[in-house]
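In what follows, a single structure is set out as structure tokens and then discussed.
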Amino acid sequence: MLLYDSPVSGNCYKVRLLFAHLGVEYQRREVDVVDRSNRRELLGALNPALRVPTLVLDDGMALYDSPVICEYLDALDGKPQLFPLERERRMLALRRQALGDGFLDLLVLARNERLRDQASQALLTSTAVRTAAVLDSLERESDALAASAFDIGHIAIGCALSYLDFRFAEEDWRKGHPRLAIWYAVFAARPSVEATLPVDDS
Ligand SMILES: N[C@@H](CCC(=O)N[C@@H](CS)C(=O)NCC(=O)O)C(=O)O
């Protein structure tokens with residue numbers, strides 16, 4: 001399997017974490033997520049949205065986005081664990097995954113806006129308000145998260161918090177969210193997480 005990947009993308013990080021967690025071997029090809037000049041050449045025949053992560057299977061089929069790739073990897077050995085099959089547990093895991101992925105999208109939006117010459121203050125305020133609301137909601141859910149079996153919901157939420165530390169290190173989100181901070185410390189101590197954290201490209 002070949003993963004089209006970026007070391008600074010939170011969505012790619014989620015997929016690399018899954019590979020590490022499941023102990024599955026793969027090859028990777030790095031894609032520059034800022035410079036789009038050769039993106040069509042690299043990804044045009046695989047993913048019309050030209051985004052990473054994109055995973056090319058050994059038979060040539062391409063999978064995207066990260067939720068689809070993660071579900072595929074989890075079911076590789078025929079015994080899915082991170083995407084529970086039982087309906088109630090599955091819906092909770094998928095909802096948490098949507099919250100974590102949505103949180104990550106929000107953080108990427110805020111970062112890209114900050115990097116623009118004339119950043120929109122209205123957009124930055126809106127992303128800050130939504131970020132605070134997500135963190136408050138996760139604080140309320142952190143005991144339930146800690147008590148439930150590790151699944152794709154935990155992974156997506158943990159990846160978004162890793163990205164928050166990575167790109168917004170100056171924002172002390174742990175202050176005011178003590179139970180979430182404890183949950184995240186346990187998540188971040190997992191060997192598969194430590195081995196795959198996003199790396200600084202500066
Ligand atoms: N929801 C998608 C998001 C994929 C995505 O936004 N990828 C970004 C990197 S984090 C990308 O390829 N950006 C480059 C671009 O859109 O030009 C997923 O979960 O995989």
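Every number here is computed from the coordinates shown, using simple stated rules; none is lab data. Remember, it's a predicted structure, so these values are computed and weren't measured experimentally. Don't worry about glycine lacking a Cβ; one is built from the backbone with ideal geometry, like all the others, and counts go over all protein chains shown.
Quick one: which residues, 5+ away or cross-chain, put their amide H under 5 Å from the amide H of THR54? H built at 1.01 Å from N.
Here TYR4 satisfy the definition.
Calculate, in nm to one decimal, what LEU76 and ALA185 gain on full extension: separation in residues at 0.36 nm each, minus their alpha carbon distance. Working shown, then result.
On the way: separation 109, 0.36 × 109 = 39.24 nm, distance 2.89 nm.
Extra length available between LEU76 and ALA185 comes to 36.4 nm.
Please work out how much length the chain gains when fully extended from LYS175 to GLU86, using 0.36 nm per residue of separation minus the C-alpha to C-alpha distance, in nm with one decimal. Write out the running numbers ahead of the final one.
Numbers: separation 89, 0.36 × 89 = 32.04 nm, distance 3.59 nm.
Length gained, LYS175 through GLU86: 28.5 nm.
Enumerate the calculated ³J(HN,Hα) couplings along region 14-30 in order (Karplus 6.51 cos²θ - 1.76 cosθ + 1.60, θ = phi - 60°), each rounded to whole Hz, writing x wherever the residue is Gly or Pro.
Result, rounded to whole Hz: 4, 5, 4, 4, 5, 4, 5, 4, 8, x, 9, 7, 7, 10, 10, 10, 7.
Counting only trypsin sites (Lys or Arg not before Pro) that sit in a DSSP loop (anything but H, G, I, E, B) with at most 14 other Cβ atoms within 10 Å, what is the longest stretch of the chain containing none of them? Spell out each step's value before the answer.
Values: sites that count: ARG36, ARG116, LYS175.
The segment 37-115 is the longest one with no such site.
7 Å from Cα along Cα→Cβ at both ARG111 and ALA133: what's the point-to-point distance in nm?
For the pair ARG111/ALA133, the computed spacing is 2.3 nm.
Any idea how far apart PHE168 and LEU50 come out in nm if each label point goes 7 Å out from Cα toward Cβ?
The modelled label-to-label distance comes out at 2.8 nm.
From the residues VAL193, CYS159, ALA133, which one has its Cα farthest along the dipole of region 90-202 in the positive direction, the dipole being from +1 and -1 charges on Cβ of Lys/Arg and Asp/Glu about the Cα centre?
Selected residue: ALA133.
Residue-wise, which Karplus ³J(HN,Hα) couplings in Hz belong to region 38-52, taking 6.51 cos²θ - 1.76 cosθ + 1.60, θ = phi - 60°, and x for glycine or proline?
In residue order, the calculated couplings are 10, 5, 5, 4, 6, 10, x, 7, 10, 9, x, 7, 6, 10, 10 Hz.
Place +1 on the Cβ of every Lys and Arg and -1 on the Cβ of every Asp and Glu in region 85-202, take the dipole about the Cα centre, and give the residue among ALA149, TYR184, PHE103 whose Cα lies farthest towards its positive end.
Among ALA149, TYR184, PHE103, the one farthest towards the positive end of the dipole of region 85-202 is ALA149.
Any idea what % of Cα-Cα pairs in region 1-120 are farther than 19 Å? Could the numbers behind the result be given before it?
Values: 3709 of 7140 pairs.
Every Cα pair in region 1-120 considered, those over 19 Å come to 52 percent.
Measuring from centroid to centroid over Cα atoms, what is the spacing of region 154-196 and region 1-26 in Å?
Taking the Cα centre of region 1-26 as reference, the centre of region 154-196 is 18 Å away.
For the chain, what is the charge dipole size about the Cα centre, in debye to the nearest 20, if Lys and Arg each add +1 at the Cβ and Asp and Glu each add -1 at the Cβ? Please report the intermediate quantities before stating the final value.
Numbers: 24 positive and 30 negative charges, 73 e Å.
The calculated dipole for the chain is roughly 360 debye.
Considering only ALA189, ALA160, ALA146, give the residue with the highest GNM mean-square fluctuation for the chain, with springs between Cα atoms whenever their separation is below 10 Å.
Looking only at ALA189, ALA160, ALA146, the biggest GNM fluctuation is shown by ALA189.
Ignoring everything except DSSP H segments at least 4 long, calculate the 222 nm mean residue ellipticity for the chain; use -39,500 (n - 2.57) per segment, divide by total residues, nearest 500.
Numbers: 8 runs with 114 residues, N = 202.
Value at 222 nm, helices only: -18500 deg cm²/dmol.
What is the dipole size for region 108-202, taken about its Cα centre, with +1 at each Lys and Arg Cβ and -1 at each Asp and Glu Cβ, in debye to the nearest 20? Present the calculation step by step, with values, prior to reporting the outcome.
Working: 10 positive and 14 negative charges, 28 e Å.
Roughly 140 debye, rounded to the nearest 20.
For ASP143 and MET61, calculate 0.36 nm times their separation in residues minus their Cα-Cα distance, and state this gained length in nm to one decimal.
Details: separation 82, 0.36 × 82 = 29.52 nm, distance 3.97 nm.
Stretched out fully, the ASP143 to MET61 stretch lengthens by 25.6 nm.
From the backbone phi of region 90-103, what are the Karplus-calculated ³J(HN,Hα) couplings (6.51 cos²θ - 1.76 cosθ + 1.60, θ = phi - 60°) in whole Hz, Gly and Pro given as x?
Residue by residue, region 90-103 yields 5, 4, 5, 5, 5, 5, 5, 4, 4, 5, x, 5, x, 4 Hz.
Roughly how big is region 1-118's charge dipole about its Cα centre, with Cβ charges of +1 (Lys, Arg) and -1 (Asp, Glu), in debye to the nearest 20?
Working: 17 positive and 18 negative charges, 74 e Å.
That gives region 1-118 a dipole magnitude of about 360 debye.
With the calculation restricted to Cα positions, what are the radius of gyration and Dmax of the chain in angstrom?
So, for the chain, Rg and Dmax equal 17.0, 50 Å respectively.
Please build a GNM for the chain, connecting alpha carbons under 10 Å apart, and tell me which residue among VAL186, VAL52, VAL31 fluctuates the most.
VAL186
Using only the alpha-carbon atoms of region 101-202, report the extent along each of the three principal axes, biggest first, to the nearest angstrom.
Cα spread of region 101-202 along its principal axes, largest to smallest: 44, 30, 23 Å.
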